[in-house]
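Report on one structure; see the data block that follows.
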Amino acid sequence: MLNFFKVISLTLTSLSFYSASISILSKTAFAGEPIIDRNCQYHQRTQAVFQKIPLRNRAKILLTSTFQVNHQKYTLQLLQFPNSTSVLCLRQANALLPQRLKNVSIIQDKVIEKIEKETAKTAIYIVTVRGEKTGDILRTTYRLNLTNPHQPKVTPLVIVYKN
């Protein structure tokens, strides 16, 4: 009789663990990196965010580069979207969230093929932007000067035209 009660209690315990694990596993879980939108804002991966921000407006980080100006640390991020357009974001060391880099509309939301620091210790970047398919320009190389991060300057260096 004692063995019968052991079997019953073991069966009930197993059944309760099984039902608890089914209820836990049936809930939707979204693992991975947060979703980043075109305004450089980070969002938790939830069903509501997936519905609110379509796939075409979700970025992946292609580059993260730090530099220092006036004893302040900054981080420049290059985000790329599924249609290959890119957005540059800037974050100051003590700021919680990055901001979309302002006053650089000539390179924002364009196809950035390459970005690199001019030298290791400066806040100057060389940015190569691919021209639009309908235009006459194949690609343009710019100098992005972030020595004053709140008023960046973009200067065209080389323009390559199509045949």
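Read-outs throughout are calculated quantities, based only on the coordinates presented, and are distinct from any laboratory measurement. For clarity, every value in this text was computed on a predicted model and none was experimentally measured. Here Cβ is always computed from backbone atoms with ideal geometry, including for glycine, and neighbour counts include all displayed protein chains.
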Which of Glu113, Glu33 has the fewest Cβ neighbours within 10 Å, and the rest in rising order: Glu33, Glu113
Extension gain (nm, one decimal) between Gln92 and Leu62, 0.36 nm per residue minus Cα-Cα: 8.9 nm
Under 5 Å, built H, 5+ apart or other chain: amide partners of Lys110: Ser86
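Can you tell me the relative contact order of the range 35-161? Whole percent, Cα pairs under 8 Å, sequence separation 6 or more.
16 percent
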Between the range 86-113 and the range 55-77, the alpha-carbon center distance in angstrom: 7 Å
Calculated SAXS-style log₁₀ I(q)/I(0) at q = 0.09, 0.12 Å⁻¹ - the range 35-161, Debye, Cα scatterers: -0.27, -0.47
Net charge, Glu33 excluded, C-beta distance under 12 Å - Lys, Arg +1, Asp, Glu -1: +3
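Please give the peptides 45-52, 76-83 ranked by average Cβ packing (other Cβ atoms within 10 Å per residue), highest first, as a rough proxy for protection.
The packing order, highest mean first, is 76-83, 45-52.
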Order of Ile106, Ile35, Ile53 - criterion: other Cβ atoms within 10 Å of each residue's Cβ, fewest first: Ile106, Ile53, Ile35
